[in-house]
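Read-outs throughout are calculated quantities, based only on the coordinates presented, and are distinct from any laboratory measurement. If you're wondering where the values come from, they're calculated on a predicted model, not measured in any experiment. With ideal geometry, Cβ positions are generated from the backbone for all residues, glycine too; neighbour counts draw on all protein chains shown.
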There are 2 protein chains.
Amino acid sequence: MIDNVEIIGLIAGVLTTAAFVPQVYKTWKSKSAESLSLTMFLVFFVGIILWLIYGISINSPAMILANSVTGLLALLLIFFKLRYK
Amino acid sequence: MIDNVEIIGLIAGVLTTAAFVPQVYKTWKSKSAESLSLTMFLVFFVGIILWLIYGISINSPAMILANSVTGLLALLLIFFKLRYK
């Protein structure tokens, strides 16, 4: 199941997911989510869930893993936005 | 080539790509990119390029389309960041 293509996908997933971590950390640390757009993160979250369904449908381990983690991070940001507004 | 799974992927791509448009517009309009992290966008851009290579490798039209557009938007934000700093 893990071939060269999946390794490219896994590295891709680590990079695009990692790009969200500083935002989550900053928001949690500052307890401020004023500059985050709830609409944007809701749209993004629904998109990630659809990518996850797509990844499951085409049987892509990299997409399933990456979109699960990114989806959780997006959900966390939505939670912070609702809590710290 | 366009079946139900690809339609889910295309909707996913539209949503996750659309989430970037307001950021590009805001940065272009305000001519300010101070709050954007160059490192984060470079990491994200490399990740998107790898997702594009992955999409080409597994022959996924939705991933090729979505990651091409998102890659261009990320590149635009990197350009703005370098220009407006």
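Under the condition of being surrounded by fewer than 17 Cβ atoms within 10 Å (Cβ to Cβ), in contact with a Ser or Thr (Cβ under 9 Å, 6 or more places away or on another chain), at the interface with chain A (Cβ under 7 Å from one of its Cβ atoms) and closer than 24 Å to residue A:9 by Cβ, the residues counted in region B:1-42 number 1. Go through region A:40-73 and count every residue that is in contact with a helix residue (DSSP H, G or I) (Cβ under 7 Å, 6 or more places away or on another chain) and either more than 19 Å from residue B:62 (Cβ to Cβ) or not aliphatic (A, V, I, L, M) (or both). Residues flagged as in contact with a helix residue (DSSP H, G or I) (Cβ under 7 Å, 6 or more places away or on another chain) and either more than 19 Å from residue B:62 (Cβ to Cβ) or not aliphatic (A, V, I, L, M) (or both) within region A:40-73 amount to 18. Within region A:43-56, being within 8 Å of chain B (Cβ to nearest Cβ) and aromatic (Phe, Trp, Tyr) holds for A:44, A:51, A:54.
Of the residues making up region A:51-65, just one is within 15 Å of residue B:47 (Cβ to Cβ) and touching an Asp or Glu at 6+ places or on another chain (Cβ under 7 Å), namely A:62. Residues of region A:30-57 being in contact with a Gly (Cβ under 8 Å, 6 or more places away or on another chain) and of a type in the set (A, V, I, L, M), which ones? Within region A:30-57, A:48, A:49, A:50, A:52 qualify.
Quick grid of which residues meet (1) more than 11 Å from the chain's Cα centre (by Cα); (2) part of a helix (DSSP H, G or I); (3) closer than 19 Å to residue B:55 by Cβ:
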position	(1), (2), (3)
A:28	yes, yes, no
A:47	no, yes, yes
A:50	yes, yes, yes
A:68	no, yes, yes
